[in-house]
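Reviewing the structure listed below.
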Amino acid sequence: MDYSIIIDKSILVVLLFLVSLGVAAYSTYAERKIAAFLQDRYGPDKAGPWGLLQPIADGTKMFMKEEIIPAASDKLLFILGPCIFMTTALMTSAAIPWGKSLNIGGHEFSLQVANLNIGILYIFAIISVGVYGIMIGGWASNNKFALLGAIRASSQMISYELAMGMSIIALLLMTNTLSIREIVDQQAGFKWNVFYQPLSFIIFLVCAFAECNRTPFDLPETETELVGGYHTEYSSMKLGLYLFAEYTNMFISSAVISCLFFGGYHFPGLDSLDLPQNIAALLSVCVMFAKVFFFIFFFMWVRWTLPRFRYDQLMRLGWQMLLPLAIINVLITGAWLTYFK
């Protein structure tokens, strides 16, 4: 058994865990600052310089708040719900390539936990399990508002997963692989898939908003109708896990979009510079995270710009518009590959 590989992967898993939590924590800060900018106000600016310590203050508050478990709830499932949701949010990052390989002391250090030849299927499988965390949490709360939010979330996520999956099929027909790293490497230079599959990208992007429960698809937790939705009865760090998982999902969704449609860690001209391996690897990581941060900003921009859908509008968009468009896109892509390539 090669223990060096196990050590490398363990180090990368810990780093990814810390980075994911860090990005999720500071995404809350970025969201409040961006919202303040769009609404012409200051946002958080008291905790540390420019309010940079605000996420630490928020996290400390979550840990210090009183832990409340409703007497009428199913206590085991009540605790299990946020754990499932957070775990599945973190597990999806394992199949994403974050950059080129580093060379440390003559040893290749891959910046991908698992280079799966079915990486896309792995991510979709884990995402599908995530809905159980919401459904279990809402049902175990024994609260009508929480249950309604959980039902909304499950039907919304299942509906939009279908359109998301169909949008990816057209892309897979073109790339002829399920490996995310191979898809990224095929886009080296400026051969980004967004130019060849723009409709697939638009459908996937809209579905990503719905999968992350982001406005205008935040029906599962709408305060004006359901108080707080599926996590109404949660407090302290259990509520924190749900909120952290939503931001982690947004981070991972941005990474997946960057890999599938925008070349991942590749950037035009970067490969032709003939840089040392480690410098090229670090630059590729910076390129990857720059793309990810752009899409995180886009998620936040949309939240503070567009109003919320009604639930019938949300279902109509998923079933009557996005899913038929995705199927038509698959048929057109298949016909083009069959007869013209």
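GNM on the chain, C-alpha springs below 10 Å: top fluctuator among Trp304, Trp50, Trp98?
Trp50
Compare the Cα positions of Met166, Ala153, Thr338 along the charge dipole of the stretch 4-339 (+1 at Cβ of Lys, Arg; -1 at Cβ of Asp, Glu; about the Cα centre) and return the one farthest towards the positive end.
Sorting the options by dipole projection puts first Ala153.
Pop out the carbon and sulfur fraction of the accessible area of the stretch 131-205 as a percent, whole number, probe 1.4 Å.
Values: 2150 of 3080 Å².
Heavy-atom surface of the stretch 131-205 belonging to carbon and sulfur, 1.4 Å probe: 70 percent.
Sort Arg214, Arg310 by heavy-atom solvent-accessible area, probe 1.4 angstrom, most to least.
Arg310, Arg214
Let me check I've understood the local charge: for Asp45, count other residues with C-beta under 12 angstrom from its C-beta, Lys and Arg +1, Asp and Glu -1. What total comes out?
+4
With charges only on Cβ, +1 for K and R and -1 for D and E, what is the dipole size of the chain about its Cα centre, in debye, rounded to 20?
That gives a dipole near 440 debye.
List the lysines whose Cα sits under 21 Å from the Cα of Lys191, skipping any in the same chain fewer than 8 residues away.
Excluding near neighbours in sequence, the set is Lys100, Lys291, Lys341.
Please state the relative contact order of the stretch 181-291 as a whole percent: Cα pairs under 8 Å, 6+ residues apart?
38 percent
How large is the accessible surface per residue of the chain, computed with a 1.4 Å probe and reported in Å² as a whole number?
Numbers: 16460 Å² over 341 residues.
The answer is 48 Å² per residue.
Which Cα, out of Asn329, Val129, Val287, lies furthest along the positive dipole direction of the chain (beta carbon charges, K/R +1, D/E -1)?
So the residue furthest toward the plus end is Asn329.
How much of the accessible area of the stretch 269-310, probe 1.4 Å, is carbon plus sulfur, in whole percent? It would help to have the intermediate numbers written out before the result.
On the way: 1870 of 2550 Å².
Its accessible area is 73 percent carbon and sulfur atoms.
Given the rule -39500 (n - 2.57) for each run of at least 4 DSSP H residues, summed and divided by the residues of the chain, what is its mean residue ellipticity at 222 nm, to the nearest 500 deg cm²/dmol?
It lands at -22000 deg cm²/dmol.
Of [x] 17.0; [y] 20.2; [z] 18.4, which is the value of mean projected area of the Cα convex hull in nm² derived from the coordinates here?
This structure yields the entry labelled [y].
Within the stretch 132-217, report the chymotrypsin sites (Phe, Trp or Tyr not before Pro) that DSSP leaves as loop and that have at most 12 other Cβ atoms within 10 Å.
For chymotrypsin sites (Phe, Trp or Tyr not before Pro) across the stretch 132-217 that sit outside H, G, I, E and B with at most 12 neighbouring Cβ atoms in 10 Å, the list reads Phe190.
Can you give the local net charge around Pro276? Use residues other than it whose beta-carbon is closer than 15 angstrom to its beta-carbon, Lys and Arg +1, Asp and Glu -1.
Net local charge, Pro276 excluded: -2.
What are the DSSP H helices in the chain that stretch 20 Å or more along their long axis, judged by alpha-carbon atoms, and whose average Kyte-Doolittle hydropathy comes to at least 1.0?
On the way: long enough: 3-38 (51 Å, 1.37); 75-91 (25 Å, 1.80); 119-140 (32 Å, 1.87); 144-175 (46 Å, 1.21); 236-261 (38 Å, 1.11); 277-303 (39 Å, 1.76); 323-339 (24 Å, 1.61).
Helices meeting the span and hydropathy rule in the chain are 3-38, 75-91, 119-140, 144-175, 236-261, 277-303, 323-339.
Before anything else, pin down the relative contact order of the chain: Cα pairs under 8 Å, at least 6 apart, normalised by residue count, whole percent. If you can, show how the numbers build up before the last one.
Working: 507 pairs, mean separation 81.1, N = 341.
It comes to 24 percent, rounded to a whole number.
The values are calculated or read from the model by the stated rules, or taken from the named source; none is laboratory data. Everything numeric here is computed off the predicted structure, so don't read it as measured data. Ideal geometry is used to build each Cβ from the backbone, glycine not excepted, and the neighbour counts take in all protein chains shown. Only protein heavy atoms, including side chains, enter the accessible area calculation; ligands, DNA and RNA are left aside. Shrake-Rupley method; radii C 1.70, N 1.55, O 1.52, S 1.80 Å.
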